[in-house]
Amino acid sequence: MGRDRAQAGNRRRGPRGERGVEAMKTAARNLAFAERLVAALVRGGVREAVLSPGSRNTPLVLAVLARPELRAHSVLDERVAGFFGLGLARASGRPVALLCTSGSAGAHYYPAVLEAEATSTRLLAVTADRPPELHGCGAPQTLDQRRLYGPHAAFAHLGPADDLPAQVALERSVASLLAHPGPAQLNVAFREPLWEPGLRAQARSLPGIARREPQPAAPAPAELGELARGLAGRRGAILCGPDTDPPRPPGIATGDPAPLAPPLLRLAQTLGWPLLCDAASGLRHGAAAEEALSAYDLYLRRPELARRLRPDVVLRFGRVPTSKAAQRWLDTAGELLLVDPQGAWHHPGRAPASHVVATPRALCESLLAALPAAAAAPAQWRAAWRAAERGARAAARAATEDGLWEGAVARTVAEALPAGTLLHAASSLTIRDLDAYAPPRPDGPRIVASRGLNGIDGTLATAFGEALAWPGPTCVLLGDLAFLHDAGALLAARALGVEATVVVVDNGGGGIFDLLPIAAHPTAFARWFRTPQRADLASLCAAAGVPCLRADDLGSLRKALRTPEGLRVVWLPVDPTDSLARRRAAEGAALRAALSRAPQEEPCPSTGSP
């Protein structure tokens with residue numbers, strides 16, 4: 001009888017024991033699969049991984065933590081994590097991996113993925129998924145995650161770890177996605193159990209892959225000769241839009257690590273052309289600052305002056321310029337030559353005369369070699385531009401010497417920050433004020449902004465990611481709405497070890513709407529467009545454990561910026577009515593000064609061929 005009971009007990013324990021063995025096998029396969037996947041990420045150049053907590057991505061998290069080459073960052077909110085990863089990728093020039101659990105988690109990456117697409121930034125969203133048998137049956141935290149970002153990201157799906165085709169496709173899929181010059185999604189399904197006690201992740205090695213970085217693109221010799229002949233002796237201009245010279249190569253398809261400024265300056269001088277540099281072009285500091293024109297937004301607004309400075313041809317680098325006046329002026333040019341390393345079309349106006357696929361540096365160097373000895377435009381052409389620039393810049397300086405308004409804050413920040421600082425500017429009014437009022441400075445900060453989709457979302461998180469990848473100090477300049485919109489990033493910043501100075505211009509809502517026609521609406525404007533908020537910014541900072549300093553004048557702001565110290569917020573309350581009046585006065589003074597100095601007639605005609 002006792003023996004029968006023992007045998008019966010063994011029969012009852014048997015299936016559980018077998019299930020335990022199978023569970024351990026499944027968990028081990030999951031971990032081994034994740035280890036190979038992470039090894040492929042490392043081999044593909046990933047050095048930063050942003051992890052958001054969850055269960056389904058357990059094998060991936062353990063595999064990441066086992067790699068000494070990877071720096072892991074824990075961010076609770078996937079939306080913040082997405083923008084944080086975007087900033088890391090932009091400032092480092094390397095692809096960055098985002099890892100999250102199944103369900104709605106990956107959807108929170110969407111805004112960052114869209115900005116990554118618009119700026120050709122390599123951001124890889126690794127979304128953990130449930131196995132096929134749990135789809136379509138109401139299982140919790142389960143949705144069809146395949147192609148979660150639609151046409152905006154490259155995509156690959158890997159089935160459960162015990163699926164042989166998935167193992168074969170793993171390395172190929174990772175290599176393909178990391179080579180894509182933009183965002184990508186790798187959807188990875190795991191069966192439970194996701195981990196079992198006793199399992200320990202290890203750093204796997206994969207066979208090396210010989211890599212050849214692409215050579216900087218340049219036009220063919222025949223095309224180059226024709227292009228050079230069409231530029232020589234003509235009244236032209238070079239306009240460098242946002243990201244013309246980014247802090248780091250944003251993707252392997254556009255990488256060109258040599259400095260752009262020297263050949264760009266030589267080209268402008270050889271042609272006798274003005275060099276217009278957007279605030280976010282990367283060319284208002286360093287060597288280019290000596291030649292860069294910056295106040296053109298203030299004087300090209302006047303049709304009369306824009307007509308006098310109408311060029312025969314414009315050589316345009318980078319993204320669409322921040323200045324709307326410059327955008328309108330571009331459409332008056334005789335010819336427009338768009339230059340982009342990937343052949344992207346960054347011009348919403350009329351069709352360009354030529355679309356050149358080349359890196360800016362390669363094109364400048366090639367043109368310098370191909371241009372004839374006497375290639376300069378008439379001297380009066382460049383002199384007219386410089387006269388208008390001097391007048392507008394002097395008037396803008398006088399208008400921003402005192403008074404706490406947005407333009408004065410922008411200029412003060414750009415002039416007070418120490419050399420080597422990365423200055424991240426929010427979209428909307430902030431980048432426009434830097435564009436108009438921040439003069440070039442050889443030892444000034446490098447200004448960056450999210451000019452792909454131009455949204456204010458994710459400003460803090462993006463800047464904080466950049467701060468961790470940037471070798472020098474970081475400053476963020478933004479308005480109160482952009483600050484509040486991304487307050488979640490402030491809560492995450494201390495845990496991430498971010499050091500940055502955040503300058504908040506609190507003008508009581510969306511100040512840019514004061515400049516639009518809707519400002520005249522008698523009832524809808526304030527509540528539905530300007531949207532003033534009632535949040536206590538100092539209390540919000542205190543809740544996040546971030547010091548907040550109030551500055552009530554430009555002198556206090558300069559003092560706060562002189563020495564970067566950890567993570568802190570500098571809060572500037574601005575009177576919106578006074579600010580708008582000062583803005584109007586500054587714009588009027590700059591226009592009058594430019595008109596008084598520029599020639600009354602159009603400069604003499606070109607001597608070159610059309």
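Going residue by residue through the stretch 112-130, is there one that turns out to be surrounded by fewer than 24 Cβ atoms within 10 Å (Cβ to Cβ), in the same structural domain as Glu48 (by TED's automatic domain parsing) and farther than 19 Å from Phe83 by Cβ?
Looking through the stretch 112-130, at least one residue is surrounded by fewer than 24 Cβ atoms within 10 Å (Cβ to Cβ), in the same structural domain as Glu48 (by TED's automatic domain parsing) and farther than 19 Å from Phe83 by Cβ.
Within the bounds of the stretch 443-457, is there any residue that is crowded, with 23+ Cβ neighbours inside 10 Å and at positive phi?
Checked the stretch 443-457: no residue is crowded, with 23+ Cβ neighbours inside 10 Å and at positive phi.
Which count do you get for residues in the stretch 363-400 that are buried (at least 20 other Cβ atoms within 10 Å of the Cβ) and either within 25 Å of Arg301 (Cα to Cα) or without any contact (Cβ under 8 Å) to a residue 40 or more places away in the chain (or both)?
Matching residues across the stretch 363-400 total 14.
Identify all residues within the stretch 560-603 that are exposed (fewer than 14 other Cβ atoms within 10 Å of the Cβ) and more than 28 Å from Trp273 (Cβ to Cβ); write none if there are none.
Passing the criteria: Arg562, Thr563, Glu565, Gly566, Thr577, Asp578, Ala581, Arg584, Gly588.
Go through the residues of the stretch 351-367 one by one and say whether even a single one is part of a strand (DSSP E or B), more than 16 Å from Cys240 (Cα to Cα) and either of a type in the set (S, T, N, Q) or out of contact with any His (no Cβ under 7 Å at 6 or more places or on another chain) (or both).
yes
Among the numbered conditions (1) under 27 Å from the mean Cα position of the chain (by Cα); (2) of a type in the set (Val, Ile, Thr); (3) loosely packed, with under 13 Cβ neighbours inside 10 Å, tell me where Val546 comes up short.
That leaves (3) as the condition not met.
Specify which of the listed residues (Ala333, Ala306, Ala344) is outside the structural domain of Pro442 (by TED's automatic domain parsing) and in contact with a strand residue (DSSP E or B) (Cβ under 7 Å, 6 or more places away or on another chain).
Only one candidate qualifies: Ala333.
Among residues belonging to the stretch 478-502 that are in a helix (DSSP H, G or I) and among the small types (Gly, Ala, Ser), point out the one that is modelled with the lowest pLDDT.
Looking at residues that are in a helix (DSSP H, G or I) and among the small types (Gly, Ala, Ser), I get Ala495.
For the condition under 22 Å from Val80 (Cβ atoms) and either free of Cβ contacts under 8 Å to residues at least 24 places away in the same chain or out of contact with any Asp or Glu (no Cβ under 8 Å at 6 or more places or on another chain) (or both), what is the one hit in Leu143, Leu178, Leu158?
One residue alone meets the criteria, Leu143.
Of these, Ala526, Ala543, Ala560, which one is part of a helix (DSSP H, G or I) and within 15 Å of Phe483 (Cα to Cα)?
None of the others qualify; the one that does is Ala543.
Does the stretch 375-384 include one or more residues that are assigned by TED's automatic domain parsing to the domain that holds Val498, in a loop (DSSP other than H, G, I, E, B), touching a Phe, Trp or Tyr at 6+ places or on another chain (Cβ under 9 Å) and aliphatic (A, V, I, L, M)?
no
Quick one: how many residues across the stretch 97-122 are under 25 Å from Val320 (Cβ atoms) and either touching a residue at least 60 places away in the same chain (Cβ under 8 Å) or among the β-branched types (Val, Ile, Thr) (or both)?
Number satisfying all stated conditions: 12.
Specify the residue that is modelled with the lowest pLDDT; the eligible residues are those in the stretch 339-362 that are surrounded by 21 or more Cβ atoms within 10 Å (Cβ to Cβ) and either closer than 19 Å to Arg235 by Cα or hydroxyl-bearing (Ser, Thr, Tyr) (or both).
The residue in question is Thr359.
State the number of residues belonging to the stretch 57-79 that are in a loop (DSSP other than H, G, I, E, B), out of contact with any helix residue (DSSP H, G or I) (no Cβ under 7 Å at 6 or more places or on another chain) and closer than 24 Å to Ala489 by Cα.
Summing the residues that are in a loop (DSSP other than H, G, I, E, B), out of contact with any helix residue (DSSP H, G or I) (no Cβ under 7 Å at 6 or more places or on another chain) and closer than 24 Å to Ala489 by Cα in the stretch 57-79 gives 1.
Return the only residue of Arg204, Arg200, Arg234 being assigned to a loop (DSSP other than H, G, I, E, B), closer than 28 Å to Arg319 by Cα, among the charged types (D, E, K, R) and not assigned by TED's automatic domain parsing to the domain that holds Glu115.
Testing whether each residue is assigned to a loop (DSSP other than H, G, I, E, B), closer than 28 Å to Arg319 by Cα, among the charged types (D, E, K, R) and not assigned by TED's automatic domain parsing to the domain that holds Glu115 leaves just Arg234.
Of the residues Ala493, Ala586, Ala524, which single one is closer than 17 Å to Ala426 by Cβ and in contact with a helix residue (DSSP H, G or I) (Cβ under 8 Å, 6 or more places away or on another chain)?
Criteria check complete, one pass: Ala493.
If a residue must be of a type in the set (D, E, K, R) and under 28 Å from the mean Cα position of the chain (by Cα), how many such residues does the stretch 394-419 contain?
3
Criterion first (in the same structural domain as Phe464 (by TED's automatic domain parsing) and surrounded by 16 or more Cβ atoms within 10 Å (Cβ to Cβ)) does Thr501 satisfy it?
Yes.
I'm trying to understand the selection: among the residues of the stretch 43-56, which are crowded, with 21+ Cβ neighbours inside 10 Å and outside any strand (DSSP E or B)?
Those that are crowded, with 21+ Cβ neighbours inside 10 Å and outside any strand (DSSP E or B): Gly44, Val46, Ser52, Arg56.
For Ala280, only one of the following conditions fails: (1) more than 24 Å from Ala232 (Cα to Cα); (2) modelled with pLDDT of 95 or more; (3) surrounded by fewer than 24 Cβ atoms within 10 Å (Cβ to Cβ). What is its number?
(3)
Hey, among Gly472, Gly403, Gly465, which residue is touching a helix residue (DSSP H, G or I) at 6+ places or on another chain (Cβ under 6 Å) and either surrounded by fewer than 24 Cβ atoms within 10 Å (Cβ to Cβ) or not small (Gly, Ala, Ser) (or both)?
On inspection, the qualifying residue turns out to be Gly403.
Yes/no matrix, rows are residues, columns are (1) out of contact with any Ser or Thr (no Cβ under 8 Å at 6 or more places or on another chain); (2) at pLDDT 95 or above; (3) among the hydrophobic types (A, V, I, L, M, F, W, C):
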position	(1), (2), (3)
Ala369	yes, no, yes
Pro372	yes, no, no
Ala377	no, yes, yes
Arg382	yes, yes, no
Ala388	yes, yes, yes
Arg411	no, yes, no
Ala414	yes, yes, yes
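Give the residue, chosen from Phe190, Phe155, that is within 32 Å of the chain's Cα centre (by Cα) and crowded, with 17+ Cβ neighbours inside 10 Å.
Phe155
Please tell me if Asp486 is among the charged types (D, E, K, R), within 19 Å of Leu434 (Cα to Cα) and touching a residue at least 24 places away in the same chain (Cβ under 8 Å).
So Asp486 does not fit the description; no.
The values are calculated or read from the model by the stated rules, or taken from the named source; none is laboratory data. None of these values were measured; they are calculated from a predicted model. Neighbour counts are summed over all protein chains in view; Cβ atoms, including those assigned to glycine, are modelled from backbone coordinates with ideal geometry.
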